[in-house]
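Readers should treat all values here as calculations from the given coordinates under stated rules, not as data from a laboratory. Values in this document were obtained by computation on a predicted structure and should not be read as measured data. Note that each Cβ is placed from the backbone with ideal geometry, even for glycine, and that neighbours are counted across all protein chains shown.
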Amino acid sequence: MICQSIQATAVCFKKKAILIQGPSGVGKTALALRIIDRGGTLLGDDLVDVFVKKDTLYCKGKQRLKGVVEIKGLGLVCGLKTAKACPVLCVIRLHNKKTDRLPSAHYITLCNKKIPVFDFYACEMNDIQVLYVVDILKGRYSLLKEM
C-alpha cells in the first residue's frame, strides 16, 4: 500500500533504491542516468511512490511513467529498463549552493522510517560519490567521525 508519492528520481543499484531529490533543473535525472550507466536500473523519474513492506521502506516508479525520463535538450525519452520496487537505501539531495565538506549525519523520515540523507553541491556532484555512499551504507567502508 502506497504511503506517499514524493518528488524524486529513483534508481535501483545493487538491489537498493537511491532517491535523488533537489530543485528543478539541478541534475537529478543526469545523475540517475550516470548511475544507470554503471549498472543501476531506473525506478522512476521525478515522481515515485514509497511504502512500507515487512517493516522496510520501499520505493517504486509510477506505472504511467514507467521507463520514461526527461533529458534536457532531448525531451521525454522512453524505453528505459525499469526495476520493480526496491528497499530504500538513502536519499541524495542535490543543491544549487555549496554544501559542507565534512557534514554531520542526518536523516529524513518517510512513512515513519528514518532514512540517511547525503547533501551534495550539484556542480561538484558525480556518480562516484554516490557509489561510495552505497558502499559506506553497506559496511564496505566507514566514515571517520573525528581526527
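In what sequence, highest mean first, do 60-67, 73-80 appear when ranked by Cβ atoms within 10 angstrom?
60-67, 73-80
Using modelled backbone amide H atoms (1.01 Å from N, in-plane), which distant-in-sequence or interchain residues come within less than 5 Å of Asp46's amide H?
Sorted by chain and number, the residues that satisfy this are Ala8, Thr9, Ala10.
In debye to the nearest 20, how big a dipole does the chain give about its Cα centre with +1 on each Lys and Arg Cβ and -1 on each Asp and Glu Cβ? Walk me through the numbers on the way to the answer.
On the way: 24 positive and 12 negative charges, 92 e Å.
The dipole of the chain has a size of about 440 debye.
Which value in deg cm²/dmol, rounded to the nearest 500, describes the helix-derived mean residue ellipticity at 222 nm for the chain, given -39,500 (n - 2.57) per DSSP H run of n ≥ 4 and division by the residue count?
Working: 2 runs with 21 residues, N = 147.
Only helices count here, giving -4500 deg cm²/dmol.
Whole-Hz ³J(HN,Hα) for each residue in segment 33-43, computed from phi via Karplus 6.51 cos²θ - 1.76 cosθ + 1.60 with θ = phi - 60°, x for glycine and proline: what do you get?
Taking θ as phi minus 60°, the curve returns 5, 5, 5, 4, 4, 9, x, x, 9, 5, 9 Hz for segment 33-43.
Taking a ≥ b ≥ c as the square roots of the Cα gyration tensor eigenvalues, with a/c under 1.5 meaning rounded and otherwise prolate when a/b beats b/c, else oblate, which class fits the chain?
On the way: a/c = 1.65, a/b = 1.20, b/c = 1.37.
The shape class here is oblate.
Under unit Cβ charges (Lys, Arg +1; Asp, Glu -1), what dipole magnitude, rounded to 20 debye, does segment 1-60 have relative to its Cα centre? Each step should come with its number before you reach the end.
Details: 9 positive and 5 negative charges, 64 e Å.
The calculated dipole for segment 1-60 is roughly 300 debye.
For a quick protection proxy, order the peptides 107-120, 19-32 by their average other-Cβ count within 10 Å, most packed first.
Ranked by mean Cβ neighbours within 10 Å, highest first: 19-32, 107-120.
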